[in-house]
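Please treat every number below as a calculation from the coordinates, not as lab data. Since we're looking at a predicted model, the values are computed, not measured.
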Amino acid sequence: MPIKNVLIVDDSKTELMVLSDLLTRHGYAVSTAESAEEAFKQLAAAKPDLILMDVVMPGQNGFQLTRAISRDPQFSNVPIIMCTSKNQETDRVWGIRQGARDYITKPVDGKDLIAKIEALG
């Protein structure tokens, strides 16, 4: 199934703008959420084809949210790419263990991110 609709979950308005701009220029429809609570509202409104997930957020962090989404039968088939400044190998492994399909570190290389999204689609 080709990826068309992407949900970006990040508490940084700057990151949301940068990633939204990058994805829209490549033809993706983008919705955003600045918290886990907002992400669940977005998921209830419209199931995305892909989720880009930050890790460091107030309240529920990206690892916890990824685990919750990937274990929910309604959303378990939605791929999640962790998109975070946490660049340690242990963070990457933990993100994949929580259910993420891929892991990319900030600052995001646009070509790399698009390649990862296309590989999932």
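From the backbone phi of segment 85-92, what are the Karplus-calculated ³J(HN,Hα) couplings (6.51 cos²θ - 1.76 cosθ + 1.60, θ = phi - 60°) in whole Hz, Gly and Pro given as x?
Residue by residue, segment 85-92 yields 7, 6, 10, 7, 4, 5, 5, 4 Hz.
Return a single number: how many Lys pairs in the chain, at a sequence separation of 8 or more or on separate chains, have alpha-carbon atoms below 16 angstrom apart.
Taking the Cα cut-off of 16 Å, the pair count is 5.
Apply the a/c threshold of 1.5 to the C-alpha gyration tensor of segment 1-66 and tell me whether it is rounded, prolate or oblate.
Verdict is oblate for segment 1-66.
Roughly speaking, what is the stretch gain from residue 74 to residue 21, that is 0.36 nm per residue apart minus the C-alpha to C-alpha distance, in nm to one decimal?
Taking 0.36 nm per residue and subtracting the Cα distance, the gain is 16.2 nm.
By the gyration tensor of its Cα atoms, with a ≥ b ≥ c the square roots of the eigenvalues, what is the shape of segment 5-120: rounded for a/c under 1.5, prolate for a/b over b/c, or oblate?
Rounded is the answer for segment 5-120, as its axis ratio a/c remains below 1.5.
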